[in-house]
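First up is the structure itself, then whatever we jot down about it.
The values are calculated or read from the model by the stated rules, or taken from the named source; none is laboratory data. Just so we're clear, the structure is a prediction, and the values are computed from it rather than from any experiment. Every residue, glycine as well, gets a Cβ built from its backbone with ideal geometry; the counts of neighbours run over all protein chains shown.
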Amino acid sequence: MSPFEIIMLVCFGLAWPFSIYKSATTRQIGSKSLLFLIALLIGYVAGVLHKIFFYFDLVIILYALNGTMVSIDIALYLRNRAYHIRQSAQEVQ
């Protein structure tokens, strides 16, 4: 287990609850990038796969937890985008 890998994942992981909270409460999508979120999710999935196939240790939990939080943020982004599309359609009518 690399302490640097743990520190990196913990630091990234601390930011996700704030991002999720902001996405859930403000319904804003302007400061988010779906492509960026997907790239992060792919990175976390790659980290989990590396731990499964090459070097299994408990750091896999941090990769999985961060990946779960990014997935939640992606779902909220999609929900918020749909909300804004509906709002725009109602304004046109």
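Here is how the numbers come out for the structure above:
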quantity	calculated
Every residue from the stretch 18-37 that is in a loop (DSSP other than H, G, I, E, B) and free of Cβ contacts under 8 Å to residues at least 12 places away in the same chain	Gly30, Ser31, Ser33
Check on Lys51, surrounded by 15 or more Cβ atoms within 10 Å (Cβ to Cβ), at pLDDT below 95 and in contact with a helix residue (DSSP H, G or I) (Cβ under 9 Å, 6 or more places away or on another chain)	no
Residue check for Ile85: in a helix (DSSP H, G or I), loosely packed, with under 12 Cβ neighbours inside 10 Å and of a type in the set (A, V, I, L, M, F, W, C)	yes
Output for the stretch 47-77, where each listed residue is over 21 Å from Leu35 (Cβ atoms), of a type in the set (A, V, I, L, M, F, W, C) and in contact (Cβ under 8 Å) with a residue 24 or more places away in the chain	Leu58, Val59, Leu62, Leu65
